[in-house]
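S.K.: Mind having a look at this structure? Questions to follow.
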Amino acid sequence: METNAKNIPVTENLAPAAKEQPAKKAPFARIVRRSNLTKGQIFLYKAITILGAVVISLLYLWIVGKKNPFEAVMYIVEGTICFNSNGLVQSKFFSFLKFLTILFAISLALIPAYRMRYWNIGAQGQVLIGGLLTACCMIYMGGKAPSAVIILVSLVAGGLGGAIWAYIPALFKARWNTNETLFTLMMNYIAILLVNLSTNIWRGKASAMTTINMTSEAGWFPKWDLPNVRGEEYVMIPLILVLLLMGFIFFYVKYTKHGYEISVVGSSVATARYTGINVRHVIRRTVALSGLICGIIGFFLVSNFDHTISSSTDQGYGFTAIIVAWLAGLNPFKSLGYSALIIFLDKGARNLADSGFATSLNSYSCEFVVFLLILAILLGHFFSQYGIVFRKNKDRLEKSLTSNLVLSDNKEEK
Amino acid sequence: MEKAIEMIGITKRFGTNVVANSDVNLTIYKGEILSLLGENGSGKTTLMNMLSGLYFPDEGEIRVNGEKVSINSPEDAYRLGIGMVHQHFKLVDVFTASENIILGLPGKVLIHKDAVDQKVKEISEKYGFEIDPKKKVYQMSVSEKQTVEIVKMLYRGVDTLILDEPTAVLTPQETDRLFVVLRKMKEDGKSVIIITHKLNEVLAISDRVAILRAGKMVDMIETKKATEEILTDAMVGTHTALEIERTLPLNKPAILDVQHLSCTAEDGVRCLKDVSFQVKGGEILGIAGVSGSGQKVLLDSITGLQNCDKGSKILYTDSEGKIQDLVQKTPKQIKRLGVRLAYVPEDRLGMGLVGDFGMTGNMMLRSYEEGNTFLLETKRPHDTAVTVKKELNVLTPSLDTPVRNLSGGNVQKVLVGRELSSHPRLFLTAYATRGLDINTSYAIYNLLNEEKKSGVGVVYVGEDLDVLLALTDRILVLCDGVITGIVDSRTADKRTIGRLMAGEKLATEQASQKEGK
């Protein structure tokens with residue numbers, strides 16, 4: 001070590017030593033931004049990466065499962081759409097709709113804040129607080145007030161709870177420019193602990209929380225009775241509401257003054273200030289809206305779907321929704337598609353594992369396929385924006401990547 | 001003396017219109033301090049960037065120790081013993097001084113911090129720096145950061161050190177200390193090049209002065225024989241008449257009356273000190289000064305983007321003669337008062353426009369609040385965009401093309417067009433023609449003249465003295481946040497303005513008295 005220390009270059013002898021070094025070669029591979037792709041090409045790149053991932057998935061299923069991979073794919077599809085002698089298996093399809101609704105709703109809630117480049121990763125906490133307050137209302141008001149009143153009060157409480165949970169980090173961000181990512185993450189942990197604390201009190205000596213108001217059904221969100229559907233109708237109203245929410249979010253960010261302010265703040269705070277936009281106010285308002293929606297989702301989870309609460313009530317979708325929102329490029333309509341894809345794969349993977357198709361394909365190895373495909377979608381996004389230049393064919397590729405770029409700069413002048 | 005570096009016939013162009021350096025010949029000897037003097041935009045930094053490997057000359061050759069070389073990167077420059085300290089420091093905030101110093105150097109897997117610290121200390125003692133190798137950069141003052149940058153160069157064994165505006169950020173005491181260090185380096189046989197526009201420092205430190213004007217080397221003077229006057233003359237050159245149309249001011253009453261305006265920046269530094277002036281209707285008031293003399297803060301405080309100190313007054317007179325004080329008001333409040341003010345800021349895409357939006361979206365920036373509903377009104381901004389596109393001849397594929405994809409001139413047309421579409425009474429512009437080609441520049445001058453003729457009070461913050469003298473009616477000169485003079489553009493010459501810019505308070509008293517009356 002000591003001899004090494006003496007080898008540290010000294011001012012006087014560094015320069016001549018360095019002079020003798022040969023000129024360094026270009027790096028083996030470099031990443032270059034490309035802006036010359038047409039829509040068709042972008043689609044092609046995405047299709048190729050996804051196709052590649054599908055092939056790898058099939059190989060994986062074949063090697064690990066040691067059985068015909070296309071049979072495995074059948075089980076994946078049957079996770080959502082499965083027919084038996086009575087027709088469509090309703091429980092599977094409605095379960096798909098239920099999780100789709102939840103995931104899609106949370107990703108919609110994130111969109112306004114993300115368009116402002118406010119990285120709220122605290123959706124989980126905001127949903128849980130909404131659910132926790134709903135459970136509170138159901139437990140403490142059950143039997144003391146009409147069910148309708150309980151529902152109304154818990155809806156307001158849940159929404160406000162989520163909004164406040166989101167508002168606190170926003171307040172700090174607006175006032176002292178604290179890092180919202182860390183802050184919202186920490187708020188998640190607080191929410192989880194609060195839920196655990198409450199459920200510990202409520203369950204008493206039981207091993208877990210039981211269904212709240214099991215017999216009276218007080219505070220249970222009413223379900224929409226459909227003639228041909230048995231026991232799964234509870235998903236219908238939230239599903240309709242979330243489709244309305246999709247329309248609202250799209251309209252809000254695109255056609256309202258608030259949405260315009262959000263885009264300006266997201267693009268440049270300096271421009272927003274110059275224009276006279278109250279940046280702090282816009283941050284607080286937008287994040288509170290995000291939190292409000294998350295809180296209401298929490299209300300629906302407890303009052304409509306689960307009728308109980310635990311720290312995993314949100315299914316971990318508070319984080320999955322971030323991926324969805326990103327994959328969709330913060331577009332509400334695309335969010336629907338990506339939510340459906342992720343839930344479809346997830347359901348399929350579980351079905352494959354449960355089916356006993358191959359013993360080595362347990363739930364963990366099936367999840368691998370899901371994330372492989374998500375990764376492929378992300379790679380497709382990446383390659384539609386960036387190219388990789390290798391050392392050998394550097395000149396050729398670089399030319400093809402940048403020539404159109406220069407053209408596009410001068411286009412307007414011609 | 002032995003030649004260290006020779007630059008022969010160096011030419012550098014940006015695009016087809018801008019020639020940053022043209023046929024420059026410069027020799028730097030060993031053991032000398034050379035000043036590179038020139039106005040903003042005269043090509044000093046570009047020339048030095050070609051030595052430090054950031055740019056590559058289009059024509060000409062560079063010789064180091066008599067040998068022809070090709071400098072393609074800062075690494076190449078280090079290998080040849082050339083290092084540059086840029087105006088904006090390039091340090092990693094969360095690293096210590098030593099870590100920053102060895103950043104980018106080849107080495108083994110492990111770093112021997114103690115040995116590095118030791119070496120840094122040796123260099124510091126040799127030249128008289130005060131530096132703590134273990135201190136993190138974010139805890140350092142500006143002067144300490146500069147020291148780290150200089151030591152970083154010396155650590156790399158640099159023989160020729162280039163400093164870009166090293167004293168711009170220093171206090172007088174710190175400047176003196178820097179000069180002591182530079183003299184020691186000179187004694188050690190190293191060459192130092194200082195880029196500056198401060199005359200007194202040039203005279204104090206350098207052996208020779210090279211003067212650049214409009215990208216050309218106009219003079220090389222031995223400092224012993226130089227005086228401030230000789231240097232100013234060489235720097236600003238003789239008056240070149242520009243054919244900008246100029247009508248007589250309308251001599252209307254003042255629209256803006258700024259009294260005793262002082263501002264303090266966030267770091268507690270006073271950036272404007274007791275500034276008083278008026279802007280009359282139907283005149284163009286020019287504001288001159290070396291960059292960072294308070295021009296931006298001045299405009300920002302009028303538009304409500306900058307807090308002013310107590311006792312400041314910014315009085316706006318509206319068309320009915322009602323006077324309103326704009327101090328401590330937000331841009332929104334100012335707008336609601338009915339103040340018809342337009343502002344073209346220096347940073348066009350970062351502050352004036354949203355790069356991702358198209359023309360229509362950018363027109364909305366000023367008017368999106370109009371209309372009583374919750375909804376965004378798009379019809380009027382769209383019409384404005386159509387009008388601006390037509391009248392200012394903006395070249396864009398469509399009104400929805402993101403403006404960041406437009407050329408610089410068209411971006412500025414969008415910004416100026418939007419600001420003028422609000423029919424202001426007071427029109428503030430900052431470096432409105434910076435980086436624009438000659439045709440677009442003249443288009444902007446014409447627009448400003450049109451506004452002047454219609455009785456608008458126009459403020460033109462500029463850097464080209466020829467333009468200021470040809471376009472404006474009066475010129476206010478700022479130096480370090482203080483008004484050093486307000487002169488009549490029709491009678492003033494460049495030399496006077498140059499001296500005022502350097503901080504000489506010539507006719508300040510008279511000028512401000514005139515202003516009062």
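The values are calculated or read from the model by the stated rules, or taken from the named source; none is laboratory data. Since the model is a prediction, treat every value here as computed from it, not as a measurement. Here Cβ is always computed from backbone atoms with ideal geometry, including for glycine, and neighbour counts include all displayed protein chains.
S.K.: List the residue pairs whose Cβ atoms are under 6 Å apart, where the first residue sits in the stretch B:247-268 and is more than 13 Å from residue B:456 (Cβ to Cβ), the second is among the acidic types (Asp, Glu) and part of a strand (DSSP E or B), and the two are 6 or more positions apart or on different chains.
M.R.: As it stands, the answer is B:260/B:274; B:262/B:274, since those pairs meet every condition given.
S.K.: Same structure again: For residue B:396, indicate whether it is touching a helix residue (DSSP H, G or I) at 6+ places or on another chain (Cβ under 8 Å), within 13 Å of chain A (Cβ to nearest Cβ) and assigned to a loop (DSSP other than H, G, I, E, B). First the steps, then the outcome.
M.R.: Values: touching a helix residue (DSSP H, G or I) at 6+ places or on another chain (Cβ under 8 Å): yes; within 13 Å of chain A (Cβ to nearest Cβ): yes; assigned to a loop (DSSP other than H, G, I, E, B): yes.
In short, yes.
S.K.: Might you check whether a residue that is assigned to a helix (DSSP H, G or I), free of Cβ contacts under 8 Å to residues at least 60 places away in the same chain, of a type outside the set (A, V, I, L, M, F, W, C) and on the phi < 0 side of the Ramachandran plot occurs anywhere in the stretch A:286-301? Give the derivation first.
M.R.: Looking only at the stretch A:286-301, we keep the residues that are assigned to a helix (DSSP H, G or I), and these are A:286-301.
With free of Cβ contacts under 8 Å to residues at least 60 places away in the same chain added as a condition, the list becomes none.
No: the stretch A:286-301 contains no residue that is assigned to a helix (DSSP H, G or I), free of Cβ contacts under 8 Å to residues at least 60 places away in the same chain, of a type outside the set (A, V, I, L, M, F, W, C) and on the phi < 0 side of the Ramachandran plot.
S.K.: So which residues in the stretch A:161-176 are under 27 Å from the mean Cα position of the chain (by Cα) and touching a residue at least 40 places away in the same chain (Cβ under 8 Å)?
M.R.: Within the stretch A:161-176, A:161, A:162, A:163, A:164, A:165, A:166, A:167, A:169, A:170, A:171, A:173, A:174 qualify.
S.K.: Continuing with the same structure: For the stretch B:350-380, how many residues meet the condition of being part of a helix (DSSP H, G or I), at pLDDT 90 or above and at the interface with chain A (Cβ under 10 Å from one of its Cβ atoms)?
M.R.: 6
S.K.: Further, regarding this structure: Please go through the stretch B:57-87 and pick out each residue that is away from chain A (no Cβ under 14 Å), part of a loop (DSSP other than H, G, I, E, B) and under 26 Å from residue B:31 (Cα atoms).
M.R.: Applying the first criterion (away from chain A (no Cβ under 14 Å)) to the stretch B:57-87 yields B:57-63, B:66, B:68, B:84-87.
When the remaining residues are screened for being part of a loop (DSSP other than H, G, I, E, B), the result is B:57-58, B:66, B:86-87.
Scanning the stretch B:57-87 gives B:57, B:66, B:86, B:87.
S.K.: Still on this structure: Among the residues of the stretch B:341-349, is any surrounded by fewer than 22 Cβ atoms within 10 Å (Cβ to Cβ) and in the same structural domain as residue B:478 (by TED's automatic domain parsing)?
M.R.: The first filter runs over the stretch B:341-349 and keeps only residues surrounded by fewer than 22 Cβ atoms within 10 Å (Cβ to Cβ), leaving B:346-347, B:349.
When the remaining residues are screened for being in the same structural domain as residue B:478 (by TED's automatic domain parsing), the result is none.
The answer is no, given that none of the residues of the stretch B:341-349 is surrounded by fewer than 22 Cβ atoms within 10 Å (Cβ to Cβ) and in the same structural domain as residue B:478 (by TED's automatic domain parsing).
S.K.: Name the one entry in B:141, B:98 that is within 14 Å of chain A (Cβ to nearest Cβ) and of a type in the set (Ser, Thr, Tyr). Show your work before the answer.
M.R.: Values: B:141 fails: within 14 Å of chain A (Cβ to nearest Cβ).
Result of the check over B:141, B:98: B:98.
S.K.: All but one of (1) more than 12 Å from the chain's Cα centre (by Cα); (2) closer than 15 Å to residue A:98 by Cα hold for residue A:351, so report the exception by its number.
M.R.: (2)
S.K.: Which one of the conditions (1) closer than 23 Å to residue A:310 by Cα; (2) modelled with pLDDT of 90 or more does residue A:210 fail to meet, given that it meets all the rest?
M.R.: Status for residue A:210: all satisfied but (2).
S.K.: Hey, among A:158, A:142, A:87, A:122, which residue is over 29 Å from residue A:282 (Cβ atoms) and in contact (Cβ under 8 Å) with a residue 12 or more places away in the chain?
M.R.: Working: A:158 fails: over 29 Å from residue A:282 (Cβ atoms); A:87 fails: in contact (Cβ under 8 Å) with a residue 12 or more places away in the chain; A:122 fails: over 29 Å from residue A:282 (Cβ atoms).
Exactly one residue qualifies, and that residue is A:142.
S.K.: Sticking with this one: Would you list the helices (runs of 4 or more DSSP H) that sit entirely within the stretch A:167-270 and hold 2 or more residues that are within 14 Å of chain B (Cβ to nearest Cβ) and within 27 Å of residue B:361 (Cα to Cα)? Step through it out loud before you land on a result.
M.R.: On the way: elements: A:180-203, A:236-255, A:257-267.
Counting at least 2 such residues, we get A:236-255, A:257-267.
S.K.: Check whether at least one residue in the stretch B:62-70 is without any contact (Cβ under 8 Å) to a residue 24 or more places away in the chain, surrounded by fewer than 17 Cβ atoms within 10 Å (Cβ to Cβ) and at positive phi, and report yes or no.
M.R.: There is no residue in the stretch B:62-70 that is without any contact (Cβ under 8 Å) to a residue 24 or more places away in the chain, surrounded by fewer than 17 Cβ atoms within 10 Å (Cβ to Cβ) and at positive phi.
S.K.: Read through the list (1) closer than 23 Å to residue B:194 by Cα; (2) part of a loop (DSSP other than H, G, I, E, B), then give the number of the only condition that residue B:109 fails.
M.R.: (1)
S.K.: If residue B:19 meets every condition in (1) under 23 Å from residue B:147 (Cα atoms); (2) touching a Ser or Thr at 6+ places or on another chain (Cβ under 8 Å); (3) surrounded by fewer than 20 Cβ atoms within 10 Å (Cβ to Cβ) apart from one, which number is that one?
M.R.: (1)
S.K.: OK, next. Scanning for something within 12 Å of the chain's Cα centre (by Cα), buried (at least 20 other Cβ atoms within 10 Å of the Cβ) and not hydrophobic (A, V, I, L, M, F, W, C), does the stretch A:339-347 turn up at least one residue?
M.R.: Yes, there is a match, as at least one residue in the stretch A:339-347 is within 12 Å of the chain's Cα centre (by Cα), buried (at least 20 other Cβ atoms within 10 Å of the Cβ) and not hydrophobic (A, V, I, L, M, F, W, C).
S.K.: Okay, next question. Output the number of residues of the stretch B:90-106 satisfying the condition of being surrounded by 16 or more Cβ atoms within 10 Å (Cβ to Cβ) and in contact (Cβ under 8 Å) with a residue 24 or more places away in the chain. Don't jump to the end; show me each part of the working.
M.R.: In the first step, residues of the stretch B:90-106 are kept if they are surrounded by 16 or more Cβ atoms within 10 Å (Cβ to Cβ); the result is B:91, B:95-102, B:105.
Narrowing the set further to residues that are in contact (Cβ under 8 Å) with a residue 24 or more places away in the chain leaves B:91, B:95-98, B:100-102, B:105.
So the count comes out to 9.
S.K.: Another question, then. Quick one: would you say residue A:398 is part of a helix (DSSP H, G or I), away from chain B (no Cβ under 14 Å) and at pLDDT 75 or above? Spell out the reasoning first.
M.R.: On the way: part of a helix (DSSP H, G or I): yes; away from chain B (no Cβ under 14 Å): yes; at pLDDT 75 or above: no.
Judged against the criteria, residue A:398 is not a match.
S.K.: Would a scan of the stretch B:27-48 turn up a residue that is of a type in the set (Ser, Thr, Tyr) and over 17 Å from residue B:195 (Cα atoms)? First the steps, then the outcome.
M.R.: Let us first name the residues in the stretch B:27-48 that are of a type in the set (Ser, Thr, Tyr), namely B:27, B:29, B:35, B:42, B:45-46.
Subsequent filtering for residues that are over 17 Å from residue B:195 (Cα atoms) retains none.
No, that holds for no residue.
S.K.: Out of (1) facing another protein chain (nearest Cβ under 8 Å); (2) closer than 23 Å to residue A:253 by Cβ, what's the single condition that is false for residue B:343?
M.R.: That leaves (2) as the condition not met.
S.K.: Restrict the check to the stretch B:401-421 and report whether at least one residue is more than 28 Å from the chain's Cα centre (by Cα), in a loop (DSSP other than H, G, I, E, B), within 12 Å of another protein chain (Cβ to nearest Cβ) and within 30 Å of residue A:259 (Cβ to Cβ).
M.R.: yes
S.K.: Another question about this same structure. Kindly establish whether residue B:440 is in contact with a helix residue (DSSP H, G or I) (Cβ under 8 Å, 6 or more places away or on another chain), in the same structural domain as residue B:255 (by TED's automatic domain parsing), closer than 19 Å to residue B:344 by Cα and assigned to a loop (DSSP other than H, G, I, E, B). Full working, then the answer.
M.R.: Working: in contact with a helix residue (DSSP H, G or I) (Cβ under 8 Å, 6 or more places away or on another chain): yes; in the same structural domain as residue B:255 (by TED's automatic domain parsing): yes; closer than 19 Å to residue B:344 by Cα: yes; assigned to a loop (DSSP other than H, G, I, E, B): no.
When the stated conditions are applied, residue B:440 does not pass them.
S.K.: Within the stretch B:270-284, is there a residue that is within 14 Å of chain A (Cβ to nearest Cβ) and touching a residue at least 60 places away in the same chain (Cβ under 8 Å)? Steps first, answer last, please.
M.R.: First, pick out the residues of the stretch B:270-284 that are within 14 Å of chain A (Cβ to nearest Cβ): none.
Looking through the stretch B:270-284, none of the residues is within 14 Å of chain A (Cβ to nearest Cβ) and touching a residue at least 60 places away in the same chain (Cβ under 8 Å).
S.K.: Sort through B:222, B:245 and tell me the only one that's surrounded by fewer than 13 Cβ atoms within 10 Å (Cβ to Cβ), over 20 Å from residue B:290 (Cβ atoms) and either modelled with pLDDT of 85 or more or under 25 Å from the mean Cα position of the chain (by Cα) (or both). Break it down stepwise before answering.
M.R.: On the way: B:245 fails: either modelled with pLDDT of 85 or more or under 25 Å from the mean Cα position of the chain (by Cα) (or both).
Result of the check over B:222, B:245: B:222.
S.K.: Taking residue B:294 as meeting all but one of (1) closer than 21 Å to residue A:270 by Cβ; (2) out of contact with any helix residue (DSSP H, G or I) (no Cβ under 6 Å at 6 or more places or on another chain); (3) modelled with pLDDT of 90 or more; (4) not charged (D, E, K, R), write down the number of the exception.
M.R.: Among (1) closer than 21 Å to residue A:270 by Cβ; (2) out of contact with any helix residue (DSSP H, G or I) (no Cβ under 6 Å at 6 or more places or on another chain); (3) modelled with pLDDT of 90 or more; (4) not charged (D, E, K, R), the lone unmet condition for residue B:294 is (3).
S.K.: So which residues in the stretch A:57-77 are over 24 Å from the mean Cα position of the chain (by Cα), surrounded by 13 or more Cβ atoms within 10 Å (Cβ to Cβ) and assigned to a helix (DSSP H, G or I), if there are any at all?
M.R.: A:58, A:60, A:61, A:62, A:64, A:65, A:69, A:71, A:72, A:73, A:74, A:75
S.K.: Let me ask something else. Among residues belonging to the stretch B:107-132 that are at the interface with chain A (Cβ under 8 Å from one of its Cβ atoms) and buried (at least 17 other Cβ atoms within 10 Å of the Cβ), point out the one that is farthest from residue B:148 (Cα to Cα).
M.R.: Taking the candidates together, the pick is B:112.
S.K.: State whether the residues of the stretch B:308-322 include one that is within 14 Å of chain A (Cβ to nearest Cβ) and either part of a loop (DSSP other than H, G, I, E, B) or under 20 Å from the mean Cα position of the chain (by Cα) (or both). Give the derivation first.
M.R.: From the stretch B:308-322, those within 14 Å of chain A (Cβ to nearest Cβ) are none; that's our starting set.
No, because not a single residue in the stretch B:308-322 is within 14 Å of chain A (Cβ to nearest Cβ) and either part of a loop (DSSP other than H, G, I, E, B) or under 20 Å from the mean Cα position of the chain (by Cα) (or both).
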